[in-house]
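The values are calculated or read from the model by the stated rules, or taken from the named source; none is laboratory data. Note that the structure is predicted; figures quoted are calculated from it, not measured. Cβ sites come from the backbone with ideal geometry, for glycine too, and all protein chains shown count toward neighbours.
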Amino acid sequence: MPRDIMDIIRTRRSTRSFEDRPVPRKDLDLLLEAAVWAPSGSNSQSWLFTAVTRQDILRELNEKMRQGFLAWTPDDDYPAKHGAKAGARREDFNFYNHAPVLIIASNRPRYENAMADCSLALENIFLAAENLGLGSCYINSPHWLRNDKGVRDFLFELGIPREHTICSSAAIGYIKKPSAPPPRKEHTVRVIE
Ligand SMILES: Cc1cc2nc3c(=O)[nH]c(=O)nc-3n(C[C@H](O)[C@H](O)[C@H](O)COP(=O)(O)O)c2cc1C
């Protein structure tokens, strides 16, 4: 029985603990298909989704990110940025929560809708993942370090054009420890009729 869309929307959670188990290639292909069916400003479709499943590459990217965070000065007081920088000093630093898949969303430069388009595509990925019994999480840190030379050199080696802006990324995998649903805040919705 196909699941009701509202059930999928309500049940999806940001997963931060993944099983050490690969995601089947056919499922990954479905997630990437879900991404490219998202709406985009003026139908630009100028995004690029780079899925990495090779653990040696992810470990190497993690090390570049760790070095990047150590050299980085957060540009505002957003707590997660300072938390990530502090985390980079730890030996067990892992920005993608040891997920078996990381999908990096990038987009062309000087395009005002770059983030909006990639974010809508990521939500498609998250909901499709939930429907397949997979966990997912938005991982912001590649966006924060989008101008770090070491990170960009490495992403260039992976085929992400140097001029692209890194919008966001998604960690995907089977859920090891489910996240509790954070209560929804009140008074965030209005209907004027
Ligand atoms: C723009 C954005 C950035 C986020 N960045 C991160 C992140 O870097 N790491 C993380 O663990 N979760 C991240 N999240 C997930 C949020 O923390 C999560 O959506 C929120 O706590 C609500 O939990 P839920 O997704 O389970 O409903 C991000 C979400 C959004 C929309």
Query raised in the report: Is there any pair linking a residue in segment 127-141 that is in contact (Cβ under 8 Å) with a residue 40 or more places away in the chain and away from the ligand (no atom under 11 Å from the Cβ) to one that is of a type in the set (Ser, Thr, Tyr) and part of a helix (DSSP H, G or I), with Cβ under 6 Å and at least six apart or on different chains, and which?
Result: none
Query raised in the report: Would you say residue 51 is in a strand (DSSP E or B), touching a residue at least 24 places away in the same chain (Cβ under 8 Å) and within 17 Å of the chain's Cα centre (by Cα)?
Result: yes
Query raised in the report: Of the residues in segment 163-179, how many are assigned to a loop (DSSP other than H, G, I, E, B) and away from the ligand (no atom under 12 Å from the Cβ)?
Result: 5
Report summary line: For segment 87-99, pairs from a residue that is at positive phi and touching a residue at least 60 places away in the same chain (Cβ under 8 Å) to a residue that is within 11 Å of the ligand (Cβ to nearest atom) and in a loop (DSSP other than H, G, I, E, B), with Cβ under 9 Å and 6 or more apart or across chains, are 97/15; 97/16; 97/17; 98/17
**Report entry** segment 143-162 - residue that is in contact with a Phe, Trp or Tyr (Cβ under 8 Å, 6 or more places away or on another chain) and in contact (Cβ under 8 Å) with a residue 60 or more places away in the chain and, of those, nearest to the ligand (Cβ to nearest atom)
**Finding:** 144
Query - Number of positions in segment 169-193 that are among the polar types (S, T, N, Q) and loosely packed, with under 10 Cβ neighbours inside 10 Å - result: 1
**Report entry** Residue among 145, 134 that alone is over 21 Å from residue 43 (Cα atoms), in contact with an Asp or Glu (Cβ under 7 Å, 6 or more places away or on another chain), at pLDDT 95 or above and crowded, with 21+ Cβ neighbours inside 10 Å
**Finding:** 134
Report summary line: Here the residues within segment 1-48 that are in a helix (DSSP H, G or I) and aliphatic (A, V, I, L, M) are 5, 6, 8, 9, 28, 30, 31, 32, 34, 35, 36
